[in-house]
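The values are calculated or read from the model by the stated rules, or taken from the named source; none is laboratory data. Since this is a predicted model, take the numbers as computed values, not measurements. Glycine gets a Cβ as well: all are built from the backbone with ideal geometry, and neighbour counts include every protein chain shown. Each accessible area value is taken on the protein alone, full model and side chains, heavy atoms only, with ligands, DNA and RNA left out. Shrake-Rupley method; radii C 1.70, N 1.55, O 1.52, S 1.80 Å.
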Amino acid sequence: MSDPPSSTAKLDEFKSLNEIYEVQKFGDLGDFWRTYYNMAIEFDKVTIERLNSNLDVLLIFAGLFSAINTAFIIPSLANLGPGPADQTNFLIQLLLINGTNPNFTKADFVVSPAFTPPITAVRQNAFFIASLGCSLLAAAGAVIAKQWLQYYQRAGQTGSIREQGMERTKKFIGAKTW
């Protein structure tokens, strides 16, 4: 059983391929890079269009979901504080006490009871706000992905066809790894 080639052997093989390229700039290797580049451009075009389309759908969904979620959050936030009717009722009670009791003093002043929101209202608002945060985070991720696709499409368009092909391969392997 033979040992796998060492990294220096792979490096020597790469150097010899590079030397072949230098010798045959317009030979078979040049045709290879030209063909590879044309095929890669077509593949990338289809892939980027598909990914952009998917991201557009995600952005539309996240926007609609955020709008609808906000429509539920706005009235739900009112449950976290005392209602205006409660405060009004307390003030009317004070007026009645003051009007019916001529000996009413500051010492008799009753403080309105402390308000604590119902635990269900707190949980409900927590879930609404968490879902809105997740929706906005998904939209931000989609925008960053769209920007990366623009970079992927534009990067490596300078240099020889060989350099462009190598840059494209590096980006493609990086995208597959990610």
Between LYS176 and PHE115, how many nm apart are label points set 7 Å from Cα along the C-beta direction?
-> 6.1 nm
Counting only the heavy atoms of the protein chains, how much of LEU64 is accessible to a 1.4 Å probe, in Å² to the nearest 10?
-> 110 Å²
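Where does each of TYR152, TYR37 land when they are ordered by accessible area, with a 1.4 Å probe and the largest first? Could the numbers behind the result be given before it?
Numbers: TYR152 20, TYR37 50 Å².
Descending order: TYR37, TYR152.
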Starting at the first residue of the stretch 137-146, write each ³J(HN,Hα) from the Karplus equation 6.51 cos²θ - 1.76 cosθ + 1.60 with θ = phi - 60°, in whole Hz, x for Gly and Pro.
-> 5, 5, 5, 5, x, 5, 5, 5, 5, 5
Karplus ³J(HN,Hα) for the stretch 64-73 (6.51 cos²θ - 1.76 cosθ + 1.60, θ = phi - 60°; Hz, whole; x = Gly/Pro) runs 5, 4, 5, 5, 5, 4, 5, 5, 7, 5
According to a simple spin-label model (label point 7 Å from Cα along Cα-to-Cβ), what is the distance in nm between THR70 and VAL57?
-> 2.5 nm
At a Förster radius of 30 Å, what calculated FRET efficiency corresponds to the Cβ-Cβ distance of ILE144 and ARG34, to the nearest 0.05?
-> 0.35
FRET E, pair ALA78, LEU137, Förster distance 25 Å, beta-carbon r, rounded to 0.05 = 0.45
